[in-house]
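A.B. asks: I have a structure I would like to understand better, so I am pasting it below and will then ask my questions one at a time.
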Amino acid sequence: MRIALWIGLGLVSLVAVIAIVGWLLPVGHVASRTATIGRPPADVYALVADVASYSQWWSGVSKIEMLPAEPGVVRFREHMTSGAVVMEVVETVPPRRFVTRIADPDQPFGGTWTFEIAPDTAGSRLTITERGEVYNPIFRFMSRFIFGQTSTMESFLRALRARLGA
(Lines give C-alpha, C1' and ligand atoms only; values in the text may rest on other atoms or scores of the structure.)
Protein backbone atom coordinates (compact mmCIF):
# COMPACT_ATOMS: atom_id res chain seq x y z
CA MET A 1 0.00 0.00 0.00
CA ARG A 2 2.85 2.41 0.83
CA ILE A 3 4.47 1.79 -2.54
CA ALA A 4 1.22 2.64 -4.33
CA LEU A 5 0.91 5.81 -2.25
CA TRP A 6 4.47 6.87 -3.08
CA ILE A 7 3.95 6.11 -6.77
CA GLY A 8 0.72 8.14 -6.72
CA LEU A 9 2.40 11.09 -4.96
CA GLY A 10 5.29 10.89 -7.44
CA LEU A 11 2.94 11.03 -10.43
CA VAL A 12 0.96 13.92 -8.96
CA SER A 13 4.23 15.77 -8.26
CA LEU A 14 5.45 15.15 -11.80
CA VAL A 15 2.24 16.49 -13.33
CA ALA A 16 2.41 19.51 -11.00
CA VAL A 17 6.01 20.28 -12.06
CA ILE A 18 5.09 19.91 -15.74
CA ALA A 19 2.09 22.24 -15.28
CA ILE A 20 4.18 24.84 -13.43
CA VAL A 21 6.96 24.81 -16.02
CA GLY A 22 4.35 25.00 -18.81
CA TRP A 23 2.63 27.90 -17.06
CA LEU A 24 5.97 29.76 -16.92
CA LEU A 25 6.54 29.33 -20.66
CA PRO A 26 5.12 32.01 -22.97
CA VAL A 27 1.82 31.17 -24.69
CA GLY A 28 3.16 32.36 -28.05
CA HIS A 29 6.15 31.09 -29.97
CA VAL A 30 7.80 31.55 -33.35
CA ALA A 31 9.58 28.62 -34.97
CA SER A 32 10.95 28.25 -38.47
CA ARG A 33 12.45 25.66 -40.80
CA THR A 34 14.02 26.07 -44.25
CA ALA A 35 14.72 23.61 -47.04
CA THR A 36 16.31 23.92 -50.46
CA ILE A 37 14.26 22.24 -53.15
CA GLY A 38 15.55 21.52 -56.64
CA ARG A 39 12.47 22.85 -58.40
CA PRO A 40 11.40 26.36 -59.48
CA PRO A 41 9.34 28.48 -57.06
CA ALA A 42 6.17 28.09 -59.17
CA ASP A 43 6.31 24.28 -58.77
CA VAL A 44 6.87 24.51 -55.02
CA TYR A 45 4.10 27.08 -54.62
CA ALA A 46 1.64 25.00 -56.65
CA LEU A 47 2.09 22.04 -54.32
CA VAL A 48 2.01 24.10 -51.10
CA ALA A 49 -1.12 25.99 -52.19
CA ASP A 50 -2.98 22.82 -53.23
CA VAL A 51 -4.16 22.03 -49.69
CA ALA A 52 -6.76 19.56 -50.99
CA SER A 53 -3.95 17.22 -52.10
CA TYR A 54 -1.94 17.17 -48.83
CA SER A 55 -3.25 13.73 -47.84
CA GLN A 56 -1.95 12.29 -51.13
CA TRP A 57 1.69 13.02 -50.32
CA TRP A 58 2.07 14.00 -46.64
CA SER A 59 1.74 11.02 -44.29
CA GLY A 60 1.01 13.40 -41.39
CA VAL A 61 -2.42 14.06 -42.94
CA SER A 62 -4.89 11.24 -43.45
CA LYS A 63 -7.70 13.27 -45.02
CA ILE A 64 -8.57 16.81 -46.13
CA GLU A 65 -12.16 17.99 -46.22
CA MET A 66 -12.77 21.19 -48.14
CA LEU A 67 -15.34 23.26 -46.23
CA PRO A 68 -17.85 25.86 -47.37
CA ALA A 69 -16.68 29.36 -46.60
CA GLU A 70 -17.34 32.97 -47.41
CA PRO A 71 -16.54 34.06 -50.97
CA GLY A 72 -12.81 34.32 -51.51
CA VAL A 73 -11.95 32.27 -48.40
CA VAL A 74 -10.58 28.73 -48.58
CA ARG A 75 -11.38 26.64 -45.49
CA PHE A 76 -10.54 23.00 -44.90
CA ARG A 77 -10.47 20.40 -42.16
CA GLU A 78 -7.12 18.69 -41.88
CA HIS A 79 -7.25 15.23 -40.30
CA MET A 80 -3.92 14.44 -38.65
CA THR A 81 -2.87 11.69 -36.27
CA SER A 82 -3.52 14.08 -33.37
CA GLY A 83 -7.06 14.88 -34.56
CA ALA A 84 -8.90 17.18 -36.94
CA VAL A 85 -8.23 20.91 -37.20
CA VAL A 86 -10.14 23.52 -39.22
CA MET A 87 -7.78 25.73 -41.22
CA GLU A 88 -8.17 28.64 -43.58
CA VAL A 89 -6.00 30.30 -46.17
CA VAL A 90 -5.39 33.92 -45.21
CA GLU A 91 -2.88 35.09 -47.83
CA THR A 92 -1.79 34.02 -51.30
CA VAL A 93 0.98 35.71 -53.26
CA PRO A 94 2.00 33.27 -56.02
CA PRO A 95 4.70 32.04 -56.29
CA ARG A 96 6.29 33.64 -53.21
CA ARG A 97 4.03 33.50 -50.16
CA PHE A 98 1.18 31.36 -48.81
CA VAL A 99 -0.28 31.69 -45.30
CA THR A 100 -2.68 29.39 -43.45
CA ARG A 101 -4.29 29.91 -40.06
CA ILE A 102 -5.94 27.61 -37.54
CA ALA A 103 -9.60 28.64 -37.63
CA ASP A 104 -10.83 26.28 -34.93
CA PRO A 105 -11.52 27.99 -31.58
CA ASP A 106 -12.06 24.62 -29.88
CA GLN A 107 -8.39 23.66 -30.18
CA PRO A 108 -5.92 24.06 -27.28
CA PHE A 109 -3.60 25.81 -29.75
CA GLY A 110 -3.74 28.33 -32.58
CA GLY A 111 -1.59 30.26 -34.99
CA THR A 112 -0.37 30.52 -38.56
CA TRP A 113 2.04 28.87 -40.96
CA THR A 114 3.72 31.23 -43.41
CA PHE A 115 5.33 29.61 -46.45
CA GLU A 116 7.90 31.85 -48.12
CA ILE A 117 9.43 30.66 -51.38
CA ALA A 118 12.46 32.32 -52.93
CA PRO A 119 14.55 31.48 -55.98
CA ASP A 120 17.79 29.71 -55.14
CA THR A 121 20.72 28.53 -57.24
CA ALA A 122 19.51 24.95 -56.64
CA GLY A 123 15.89 25.82 -57.49
CA SER A 124 13.95 27.22 -54.53
CA ARG A 125 14.35 27.95 -50.87
CA LEU A 126 11.18 27.27 -48.85
CA THR A 127 10.90 28.66 -45.33
CA ILE A 128 7.96 27.74 -43.12
CA THR A 129 7.43 30.01 -40.12
CA GLU A 130 4.99 29.00 -37.42
CA ARG A 131 3.60 31.76 -35.24
CA GLY A 132 1.80 29.63 -32.73
CA GLU A 133 0.03 29.79 -29.41
CA VAL A 134 -0.48 26.91 -26.98
CA TYR A 135 -3.10 27.78 -24.38
CA ASN A 136 -2.95 24.75 -22.06
CA PRO A 137 0.22 24.82 -19.87
CA ILE A 138 0.65 21.03 -19.97
CA PHE A 139 0.38 21.01 -23.78
CA ARG A 140 2.76 24.01 -23.85
CA PHE A 141 5.34 21.98 -21.90
CA MET A 142 4.87 18.98 -24.18
CA SER A 143 5.12 21.03 -27.39
CA ARG A 144 8.32 22.66 -26.19
CA PHE A 145 10.15 19.75 -24.58
CA ILE A 146 8.64 16.50 -25.88
CA PHE A 147 7.20 16.92 -29.41
CA GLY A 148 9.28 19.92 -30.45
CA GLN A 149 7.83 23.03 -32.04
CA THR A 150 9.34 22.24 -35.44
CA SER A 151 8.59 18.52 -35.85
CA THR A 152 5.44 19.03 -37.97
CA MET A 153 7.23 21.54 -40.22
CA GLU A 154 10.14 19.12 -40.66
CA SER A 155 7.70 16.33 -41.57
CA PHE A 156 5.98 18.61 -44.11
CA LEU A 157 9.29 19.62 -45.70
CA ARG A 158 10.51 16.01 -45.99
CA ALA A 159 7.23 14.96 -47.63
CA LEU A 160 7.21 17.94 -49.99
CA ARG A 161 10.78 17.28 -51.11
CA ALA A 162 9.94 13.62 -51.71
CA ARG A 163 6.79 14.53 -53.67
CA LEU A 164 8.73 16.93 -55.89
CA GLY A 165 11.57 14.47 -56.31
CA ALA A 166 13.99 16.96 -54.82
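The values are calculated or read from the model by the stated rules, or taken from the named source; none is laboratory data. Just so you know, these numbers come straight off a predicted model, no measurement behind them. For neighbour counting, all protein chains shown are included, and Cβ atoms are generated from backbone atoms with ideal geometry for every residue, glycine included.
A.B. asks: Within region 45-63, does at least one residue satisfy the condition of being free of Cβ contacts under 8 Å to residues at least 60 places away in the same chain, surrounded by 15 or more Cβ atoms within 10 Å (Cβ to Cβ) and part of a strand (DSSP E or B)?
C.D. replies: So far as region 45-63 goes, yes, one or more of its residues are free of Cβ contacts under 8 Å to residues at least 60 places away in the same chain, surrounded by 15 or more Cβ atoms within 10 Å (Cβ to Cβ) and part of a strand (DSSP E or B).
A.B. asks: Applying the selection to region 97-121, what residues are without any contact (Cβ under 8 Å) to a residue 60 or more places away in the chain, closer than 19 Å to ASP43 by Cβ and in contact with a helix residue (DSSP H, G or I) (Cβ under 7 Å, 6 or more places away or on another chain)?
C.D. replies: Residue satisfying the conditions is PHE98 alone.
A.B. asks: On the given criteria, is PRO68 surrounded by fewer than 16 Cβ atoms within 10 Å (Cβ to Cβ), farther than 23 Å from ARG163 by Cβ and touching a helix residue (DSSP H, G or I) at 6+ places or on another chain (Cβ under 8 Å)?
C.D. replies: In short, no.
A.B. asks: Determine, yes or no, whether LEU9 is more than 14 Å from the chain's Cα centre (by Cα), over 26 Å from ASP104 (Cα atoms), part of a helix (DSSP H, G or I) and of a type in the set (A, V, I, L, M).
C.D. replies: yes
A.B. asks: I need a count of the residues in region 16-44 that are part of a helix (DSSP H, G or I) and at pLDDT below 95.
C.D. replies: Of the residues in region 16-44, 9 are part of a helix (DSSP H, G or I) and at pLDDT below 95.
A.B. asks: From SER82, SER13, grab the single residue that is closer than 25 Å to SER155 by Cα, of a type in the set (S, T, N, Q) and modelled with pLDDT under 90. I'd like the intermediate steps shown before the answer.
C.D. replies: Details: SER13 fails: closer than 25 Å to SER155 by Cα.
Just one listed residue meets the conditions, SER82.
For (1) out of contact with any strand residue (DSSP E or B) (no Cβ under 9 Å at 6 or more places or on another chain); (2) buried (at least 17 other Cβ atoms within 10 Å of the Cβ); (3) on the phi > 0 side of the Ramachandran plot, each residue gets a yes or a no:
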{"position": "VAL85", "(1), (2), (3)": "no, yes, no"}
{"position": "VAL90", "(1), (2), (3)": "no, no, no"}
{"position": "ILE102", "(1), (2), (3)": "no, yes, no"}
{"position": "GLY110", "(1), (2), (3)": "no, yes, no"}
{"position": "THR114", "(1), (2), (3)": "no, yes, no"}
{"position": "ALA122", "(1), (2), (3)": "no, no, no"}
{"position": "GLU133", "(1), (2), (3)": "no, no, no"}
{"position": "PRO137", "(1), (2), (3)": "yes, yes, no"}
{"position": "THR150", "(1), (2), (3)": "no, no, no"}
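A.B. asks: Further, regarding this structure: Within region 31-41, can one find any residue that is small (Gly, Ala, Ser), surrounded by 17 or more Cβ atoms within 10 Å (Cβ to Cβ) and in contact with a helix residue (DSSP H, G or I) (Cβ under 9 Å, 6 or more places away or on another chain)?
C.D. replies: Yes: region 31-41 contains one or more residues that are small (Gly, Ala, Ser), surrounded by 17 or more Cβ atoms within 10 Å (Cβ to Cβ) and in contact with a helix residue (DSSP H, G or I) (Cβ under 9 Å, 6 or more places away or on another chain).
A.B. asks: Okay, next question. Modelled with pLDDT of 95 or more and buried (at least 17 other Cβ atoms within 10 Å of the Cβ): is that true of ARG97 in this structure?
C.D. replies: no
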